[in-house]
Amino acid sequence: MPPDNADIMINITAMHKWFGAFHVLKDINLEVAERERIVICGPSGSGKSTLIRCINRLEVHQRGTIVVDGTALSGNLKNVEQIRSEVGIVFQHFNLFPHLTVLENCTLAPIWVRKTPKKEAEALARDYLERVQIPEQADKFPGQLSGGQQQRVAIARSLCMQPKVMLFDEPTSALDPEMIKEVLDVMIELAESGMTMLVVSHEMGFANRVADRVIFMDGGEIIEQNPPEEFFNNPQNERTKLFLSQILSH
Amino acid sequence: MTGPVTTPRSYPPGQYPNLPPPRGTTGLSGWLRANLFSSTANTILTLVFTGLLVEFLMAAVDWFFLGSVIDARSRVECRQTGSGACWAVIAIRVEQFTYGFYPLAERWRPNFAFVLLFVALAPVLFDRTPYRRQMMIFSLAYPFIAAWLIHGGLGLKIVDTHLYGGFLLTLIVGVTGIVASLPLGIGLALGRQSRLLSIRLICICFIEFMRGVPLIALLFVASTMLNYFLPPGTSFNLLVRVLIMVTLFASAYVAEVLRGGLQAIPLGQIEAADALGLSYWKTTWLITLPQALKISIPGIVNTFIALYKDTTLVVIIGLLDPLGIGRAVLADAKWTGLSTEIYLFCALFFFVSCFAMSRYSLWLEKRLNTNYLSE
């Protein structure tokens with residue numbers, strides 16, 4: 001339920017997806033307004049990662065429509081590349097390119113996709129590395145960094161394409177507890193700067209602090225969506241209550 | 001029980017200093033103890049092996065150097081003056097071993113091409129070569145320059161390919177095979193993973209055929225049967241045919257080694273590249289291929305070393321590689337019976353080349369290793 005009269009950034013209507021015979025996403029309807037921050041949670045296998053991966057076509061949906069910033073996702077490669085260059089994604093396992101330095105990881109796409117001159121791309125990359133607070137690691141290789149640092153590089157790499165939307169696929173799930181905070185801090189800063197964000201995460205503190213809306217998914221369906229206070233304090237659906245009691249009980 | 005055990009000196013929690021390791025566990029004595037004298041069995045093995053090594057080395061030094069003869073006209077003369085190796089045969093025939101029957105007056109040409117080979121290889125092999133970009137242009141032109149120098153034409157006297165022999169021939173076949181089979185192998189490996197069924201089928205058939213047939217059979221095909229398939233009257237140089245066959249043969253192996261490397265790359269790498277908007281070709285060129293090549297270095301170099309040694313098979317179809325020359329020399333009545341010296345000499349040449357390749361691959365693996373934690 002995005003605020004009225006806001007620009008719609010992502011519009012998903014009646015979207016279905018199957019993995020083989022397995023119906024993984026069922027009748028998904030979701031509107032995301034510009035600058036809106038959404039946290040998606042749910043038990044594993046509920047389709048939450050698949051949902052955000054459909055938005056930049058890392059997964060192909062089979063029925064329904066997905067429109068990102070006015071461009072409809074289809075088999076048309078031009079549209080796909082257009083959308084991908086506007087939608088950044090941060091993965092659970094970082095997926096940095098291990099054979100390139102941190103700086104090269106960040107400048108690769110601007111140089112080869114956006115055709116930005118190398119000098120300019122490097123300046124931009126250094127700006128973003130500064131913003132995720134690791135400017136001093138620019139010339140190291142990903143394998144030389146800690147998990148938290150790698151994830152922050154991954155965020156900077158996505159930001160270097162100056163996306164309109166950022167997707168986060170369980171960005172802190174592969175991190176040691178002491179590194180989760182440094183990544184969340186960067187994400188909070190990003191959220192406060194007005195980025196449109198869809199975050200698959202179980203970091204309920206983060207959801208509470210920055211989300212405009214929390215979505216609960218189970219069995220491939222959106223079960224419930226509400227602003228965080230409402231979502232956490234007054235869950236409606238039985239499955240939501242059960243899920244919240246499981247993750248908040250300790 | 002009489003209360004807690006007390007240590008002579010205790011530290012407040014968190015203040016315990018880093019102590020030096022126990023004596024004899026580090027440095028030379030630690031290494032010796034760990035590697036040579038770690039147990040009774042190891043100590044006995046070390047002593048026995050050292051004894052055998054000394055015995056063998058003394059005999060070898062005697063045969064190779066002390067008792068060997070370099071200056072003689074024939075095997076008989078050798079045996080009169082020394083008890084060891086008769087290196088005279090090598091000393092007298094060394095030029096034949098090197099050039100085959102390449103005309104004496106023109107030998108500066110292959111020599112020059114050989115020197116230029118290193119200039120051309122430097123920027124390709126070493127990424128810190130000064131002026132690498134400019135030198136790469138020379139590297140690209142080198143195959144043509146070398147072909148012109150060695151074969152002739154355009155002002156140089158043409159030297160027919162049947163005169164090439166010895167190490168020169170090995171280098172021509174080996175280097176051409178290695179340099180040409182790498183890009184071809186990359187193409188085949190990518191083709192084998194293509195989404196287009198026809199391309200995939202062509203690559204699979206080619207690779208499986210080449211790997212399923214012995215190189216000798218292919219060389220025979222090159223030397224005899226190719227004539228049946230070509231229109232009558234076309235003469236196609238035998239050496240060129242051999243080069244093509246060796247290259248195709250090696251490229252199938254390179255492709256398979258590289259396929260292993262490509263499959264070892266996590267799907268997440270390709271997803272990340274996709275998500276950044278990189279196209280298939282950019283992803284291949286910038287992300288998958290560099291990583292796959294790096295993983296495949298040991299296997300690819302292994303293939304190249306095998307190819308390099310397999311060049312000796314050309315002797316079967318009548319080309320005079322070093323072993324062919326060796327056989328010819330042995331047929332000379334003056335030198336019969338010196339097969340040990342001759343084959344050891346050839347072995348030394350192959351060993352030096354292959355060992356260099358092996359060391360280079362180790363160096364390159366280290367150079368490309370980005371997965372260490374720096375200080």
Which far-off residues, 5 or more places away or on another chain, put their amide H under 5 Å from the one on A:Thr116, with H placed in the peptide plane?
A:Ile111
For B:Ile145 and B:Leu45 in the same chain, what is the full-extension length gain: residue separation times 0.36 nm, less their Cα-Cα distance, in nm?
30.5 nm
A:Glu230 versus B:Glu208, label points 7 Å from Cα toward the beta carbon: distance in nm?
6.1 nm
What aspartates and glutamates does B:Lys334 reach when the alpha-carbon gap must be under 15 Å and sequence neighbours fewer than 8 apart in one chain are set aside?
B:Asp71, B:Glu77
May I ask you to derive the relative contact order of the stretch A:96-215, considering only C-alpha pairs under 8 Å and at least 6 residues apart, and to give it as an integer percent?
25 percent
Check: chain B dipole with +1 on Lys, Arg Cβ and -1 on Asp, Glu Cβ, in debye:
540 debye
Over the stretch B:247-375, with the other protein chains present, what is the accessible area per residue in square angstrom, probe 1.4 angstrom?
46 Å²
Given a 10 angstrom Cα cut-off, can you work out which residue in A:Leu77, A:Leu58, A:Leu145 is the most mobile in a GNM of chain A?
A:Leu77
Could you state how much accessible area is buried at the A-B interface, both sides summed, with a 1.4 Å probe, in Å² to the nearest 100?
2100 Å²
In whole Hz and in residue order, list the ³J(HN,Hα) couplings for the stretch B:241-253 that follow from phi through the Karplus curve 6.51 cos²θ - 1.76 cosθ + 1.60, θ = phi - 60°; x for Gly and Pro.
4, 4, 4, 5, 5, 4, 4, 4, 4, 5, 5, 5, 5
Just tell me which lysines come within less than 25 Å, Cα to Cα, of A:Lys140; anything on the same chain fewer than 8 places away is out.
A:Lys115, A:Lys118, A:Lys119, A:Lys181, B:Lys282, B:Lys294, B:Lys366
Tell me, how many Å apart are the Cα centres for the stretch A:52-97 and for the stretch B:134-186?
49 Å
Could you look at the protein assembly as shown and say what percent of its accessible area is carbon and sulfur, using a 1.4 Å probe and all protein chains?
62 percent
Leaving out ligands and nucleic acids, note down the accessible area per residue over chain A with a 1.4 angstrom probe, in whole Å².
43 Å²
If you count the DSSP beta bridges with both ends in the protein assembly as shown, what percent of them are antiparallel, to the nearest 5?
55 percent
Limiting things to C-alpha atoms, what are the Rg and the maximum Cα-Cα separation (Dmax) for chain B, in angstroms?
28.2, 106
Residue-averaged [θ]222 nm for chain A, counting only DSSP H segments that reach four residues, each worth -39500 (n - 2.57)
-11500 deg cm²/dmol
Per DSSP helix of 4 or more residues, -39500 (n - 2.57); summed, then divided by the residues of chain B. What does that give at 222 nm, rounded to the nearest 500?
-21000 deg cm²/dmol
Per-pair calculated FRET efficiency, R0 = 30 Å: B:Ala264 and B:Leu348 via Cβ, rounded to 0.05
0.25
Which FRET efficiency, nearest 0.05, do B:Arg33 and B:Arg367 yield, Cβ-Cβ r, R0 35 Å?
0.60
Karplus ³J(HN,Hα) for the stretch B:343-359 (6.51 cos²θ - 1.76 cosθ + 1.60, θ = phi - 60°; Hz, whole; x = Gly/Pro) runs 6, 4, 4, 4, 4, 4, 4, 5, 5, 4, 5, 5, 5, 4, 4, 4, 5
To the nearest 20 debye, chain A has a Cα-centred charge dipole, built from +1 on Lys and Arg Cβ and -1 on Asp and Glu Cβ, of 780 debye
³J(HN,Hα) across the stretch B:321-333 via Karplus (A = 6.51, B = -1.76, C = 1.60, θ = phi - 60°), whole Hz, x for Gly/Pro?
6, x, 5, x, 4, x, 5, 4, 5, 5, 6, 6, 4
Computed on Cα atoms only, the convex hull of the protein assembly as shown has an orientation-averaged projected area in nm² of 45.7 nm²
Isolated Cys in chain B, by beta carbon distance under 4.7 Å
B:Cys203, B:Cys205, B:Cys346, B:Cys354
Search the structure for amide H atoms under 5 Å from the amide H of A:Val24, placed 1.01 Å from N in the peptide plane, and list their residues when 5 or more places away or on another chain.
A:Lys17, A:Trp18, A:Phe19
Can you give me the distance in nm between label points at B:Ala60 and B:Thr224, each placed 7 Å from the Cα along the Cα-to-Cβ direction?
4.2 nm
With contacts defined as alpha carbon pairs under 8 Å and 6 or more residues apart, what's the relative contact order of chain A in percent?
25 percent
Between the stretch B:189-266 and the stretch A:177-200, the alpha-carbon center distance in angstrom:
53 Å
Which residue, B:Leu104, B:Leu330, B:Leu344, has the most motion in a Gaussian network model of chain B that connects Cα atoms within less than 10 Å?
B:Leu104
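The values are calculated or read from the model by the stated rules, or taken from the named source; none is laboratory data. Keep in mind the model is a prediction, meaning the values are calculated, not measured. FYI the Cβ positions are ideal-geometry reconstructions off the backbone, even for glycines, and counts take in every protein chain you see. Ligands, DNA and RNA are excluded from the accessible area calculation, which covers all protein heavy atoms including side chains. Shrake-Rupley method; radii C 1.70, N 1.55, O 1.52, S 1.80 Å.
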